[in-house]
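One structure is given here, and the rest of the page talks about it.
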Amino acid sequence: MTRITSVSLRRVLDSRGNPTVEADVLTESGGFGRGAAPSGASTGEYEAIELPAGESIAKAREHAVPRLEGVYAGDQRAVDNALRAADGTDDFSAIGANSAVAISMAAAKAAADVLGAPLYQHLGGAFRGENFPVPLGNVVGGGEHAKEATHIQEFLAAPVGAPSVSEAVFANAAVHAAVADVLDERGVPAAKGDEGAWAPPISDAEAFEVVDEAVDRVEDEVGFEIRFGLDMAAAELYDGDREAYVYGDETKSADEQIEYVAGLVDEYDLAYVEDPLDENDYEAFAELTDRVGDRTLICGDDLFVTNVERLRDGIDAGAANSILIKPNQIGTLSDAFDAVELAARNGYETVISHRSGETEDTTIAHLAVATDAGYIKTGTVGGERTAKLNELVRIADDAV
Ligand SMILES: C=C(OP(=O)(O)O)C(=O)O
Ligand SMILES: [Mg+2]
């Protein structure tokens, strides 16, 4: 029933206005699934390769589509193995990870459609129990996502005490609004960055004050614990020639960076710190994890790129205690699941994540619920972000 009869590919817009790949998968019994690839701006050195959308589509039509016809969409590994075989490289550089991930997600949705089940259930969520991921909401940002704003890429609200996913989602939106109030009181104008976070022209030190104040105000209002966290995207700050992290006119050595981040964790009781160090420095990650990993999550994004081999190296080194999962970093849902399972078996927390360039696709909300992830990072406001947040609310309400 889930045998694939057709795969069609097209170029659609992403949230930055760039072309991205959308895939439609049809099965012989009329099942239909649609998936669209997101796209990063602060991409990791070891990510699977995204090709220009038109080129990726042409290559996938030639090499992947003929192999997929006749494969069972309900057998996700068969679909993803066919994609890998069609590509023939480790990093999807032949057909592009953008076409691969769009097809992989569309096939999963087509299979769920045949079964008449919500996607999260088809992906394994029937056993999820009452757990829902905590949404990490980007409220202030800079780095590669907004020029002339903070050096640190993302300041993320973390409503860890929220009694429900819906209250957590609304708390993050309230923190986003409170940040606007605090900035306004300080006379700071702010545009928004690629993910809808405020991108004020202030120092990182002032951004900590602003976010801390906004979180306190909303915490008082809602009556449950809200903390905050960071994505430092430190590979973007690191200058290999100078062997230093560059913050405008200031630089920090790896030891100073570890000291700086450990100090921030304690001063602001940070719940979460993503990519605090360069993507090639497992040793420094291990040292920081050793120092503060008992009281915060140290998460590897560019460090692990959703890749089981890199995660295995990190586990061996004691680097980080959580992993960011971005399906397009690795190219298929099967590969993303393998990374989640390896992480879970080794006590690493999982955080399912959007990209800075996004579409209305809601797959990551289902993936987060299906895999019982502790967290989902998918912005706070803006249609391509609220698409995922509202889907989470619907899943919790059994309304998908
Ligand atoms: C979402 C992120 O940004 P991008 O998609 O630009 O890599 C990130 O770095 O976690
Ligand atoms: Mg990141």
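Coordinate-derived values only; no laboratory data. Computed from a prediction, not measured in an experiment: that's the story for all the values here. Cβ placement follows ideal geometry from the backbone for every residue including glycine, while neighbour counts extend to all protein chains displayed.
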- Item | Counted charge near Ala162, where neighbours are those whose Cβ lies closer than 14 Å (Asp, Glu -1; Lys, Arg +1) | -4
- Share (percent) of C-alpha pair distances in the stretch 210-328 greater than 16 Å works out to 61
- Which lysines have a Cα lying under 18 Å from the Cα of Lys109, excluding residues fewer than 8 positions away in the same chain? Lys326, Lys388
- Asserting the computed 222 nm helical MRE of the chain (DSSP H runs at least 4 long, -39500 (n - 2.57) per run, divided by residue count, to nearest 500) equals -13000 deg cm²/dmol
- Percent of Cα-Cα distances greater than 28 Å, calculated over the chain: 44
- About its Cα centre, how strong a charge dipole does the stretch 125-396 have in debye, to the nearest 20, once Lys and Arg get +1 and Asp and Glu get -1 at the Cβ? 1140
- Item | Residues whose placed amide H lies under 5 Å from that of Glu349, excluding near-sequence neighbours | Ser322, Ile323
- Query: Percentage of Cα-Cα pair distances in the stretch 4-116 greater than 21 Å, rounded to whole percent?
  - Reply: 30
- Item | 5 angstrom amide H check on Lys377, placed H, neighbours 5+ away | Leu136, Ile352, Ser353, His354
- Formal net charge of residues neighbouring Arg16 (Cβ-Cβ distance under 11 Å; K, R +1; D, E -1): -4
- Based on the mean of other Cβ atoms within 10 Å per residue, sort peptides 361-368, 58-65 so the most packed one is first. 361-368, 58-65
- Note on the chain, DSSP bridge orientation, antiparallel percent to nearest 5 equals 65
- Sparse-neighbour loop sites [trypsin sites (Lys or Arg not before Pro); the stretch 256-315; at most 16 other C-beta within 10 Å; DSSP]: Arg295
- Note on the structure: With the 8 Å Cα cutoff and a minimum separation of six or more residues, the chain has a relative contact order in percent of 19
- Excluding Val381 itself, what net charge comes from residues whose Cβ is under 11 Å from its Cβ, given Lys and Arg +1 and Asp and Glu -1? 0
- Message: Only bridges whose two residues both fall in the stretch 230-312 count here: according to DSSP, what percent of them are antiparallel, nearest 5?
- Response: 50
- Message: If packing is taken as the average number of other Cβ atoms within 10 Å across a peptide's residues, how do 384-395, 296-307, 84-95, 240-251 rank, most packed first?
- Response: 296-307, 384-395, 84-95, 240-251
